[in-house]
1. Please find, among K7, K80, the residue that is assigned to a helix (DSSP H, G or I) and either under 22 Å from L120 (Cα atoms) or basic (K, R) (or both).
2. Restricting the search to the range 52-78, which residues are in contact with a strand residue (DSSP E or B) (Cβ under 8 Å, 6 or more places away or on another chain), in contact (Cβ under 8 Å) with a residue 60 or more places away in the chain and within 21 Å of Y151 (Cα to Cα)?
3. Return the residues of the range 125-139 that are part of a loop (DSSP other than H, G, I, E, B) and not small (G, A, S); say none if nothing qualifies.
4. Within the range 86-102, can you find the residues that are assigned to a loop (DSSP other than H, G, I, E, B) and either touching a His at 6+ places or on another chain (Cβ under 6 Å) or not aliphatic (A, V, I, L, M) (or both)?
5. Out of F71, F82, which single residue is closer than 25 Å to W193 by Cβ, touching a helix residue (DSSP H, G or I) at 6+ places or on another chain (Cβ under 8 Å) and surrounded by 13 or more Cβ atoms within 10 Å (Cβ to Cβ)?
6. May I ask you to list the residues in the range 86-119 that are modelled with pLDDT of 95 or more and in contact with a helix residue (DSSP H, G or I) (Cβ under 9 Å, 6 or more places away or on another chain)?
7. Looking for whichever is at pLDDT 95 or above, surrounded by fewer than 22 Cβ atoms within 10 Å (Cβ to Cβ) and in a loop (DSSP other than H, G, I, E, B) here; the options are D144, D155. Which one fits?
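The values are calculated or read from the model by the stated rules, or taken from the named source; none is laboratory data. Quick caveat: nothing in here was measured; it's all calculated off a predicted structure. Quick reminder, even Gly has a Cβ in these numbers, built from the backbone with ideal geometry, and neighbours come from all protein chains shown.
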Amino acid sequence: MVAEEIKFVVVGHHSRTGHAQSLAALLDAHLLIDDGSHGANWNHRRALEWAAEQTCRVVVTEDDALPVDLFYTPVSNWLKRFPDSLISFYLGTGRPPQYQMQIAERLIGADKARADFITLPRLIHGVCYSVPPQHINRVLSRWDNSKAADYAVGDAYGGEVIYPCYSLVDHADGEPVERHPDSAPRTERRRAWRLHV
């Protein structure tokens, strides 16, 4: 697969511009910084609007994603394998808590079946994902500005989401910059369940 067939876009918050710039340089990515605290929903929508203008598959990555070594090769392999699916390259612990038991059960099931991915009915993380190009305009047309960014993407997509059992990015798990509607502190450890090596 030639390098032109995947593009990356990094969505960043102005308080983490340095990290976002480093990640964008690492991935040779388009960078979208939220300078006005518009919120993750707004910036992820901008990322998908940019993706809709590209002629290839685009991977959206948040500024606190930590890609594994040689990230590009496994990403391109997954995208080739599932050209018509929304893929999340991060499957995290802690948040959202209501999905953690289901994730654990599905990982156990995948291990028994020797499967290398699980599916969930919605996108539960915005850390690193890719919407198939042929579905981006539909996602944008069904977008809900009131939802958290990950739910806005996944619910507008409206189908099963592929999660590799071994995430291709980890999560820096710093202080959240987003104010969540429930105002509850995010104290759970937010790291990948398993990391690709």
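1. Numbers: K7 fails: assigned to a helix (DSSP H, G or I).
Among K7, K80, only K80 is assigned to a helix (DSSP H, G or I) and either under 22 Å from L120 (Cα atoms) or basic (K, R) (or both).
2. Of everything in the range 52-78, those that are in contact with a strand residue (DSSP E or B) (Cβ under 8 Å, 6 or more places away or on another chain), in contact (Cβ under 8 Å) with a residue 60 or more places away in the chain and within 21 Å of Y151 (Cα to Cα) turn out to be R57, V58, V59, V60, T61, E62, D64, A65.
3. Filtering the range 125-139 for residues part of a loop (DSSP other than H, G, I, E, B) gives 125-127, 131-132.
Within the range 125-139, H125, V127, V131, P132 meet the criteria.
4. Within the range 86-102, F89, Y90, T93, G94, R95, P96 meet the criteria.
5. Working: F82 fails: touching a helix residue (DSSP H, G or I) at 6+ places or on another chain (Cβ under 8 Å).
After applying the criteria, what remains is F71.
6. L86, I87, S88, F89, A115, D116, F117, I118, T119
7. Numbers: D155 fails: in a loop (DSSP other than H, G, I, E, B).
After ruling out the rest, the residue left standing is D144.
Table: residues versus (1) assigned to a helix (DSSP H, G or I); (2) loosely packed, with under 13 Cβ neighbours inside 10 Å; (3) in contact (Cβ under 8 Å) with a residue 12 or more places away in the chain; (4) touching a Pro at 6+ places or on another chain (Cβ under 6 Å).
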| site | (1), (2), (3), (4) |
| --- | --- |
| R16 | yes, no, yes, no |
| Q21 | yes, no, no, no |
| A25 | yes, yes, no, no |
| R46 | yes, no, yes, no |
| W50 | yes, no, yes, no |
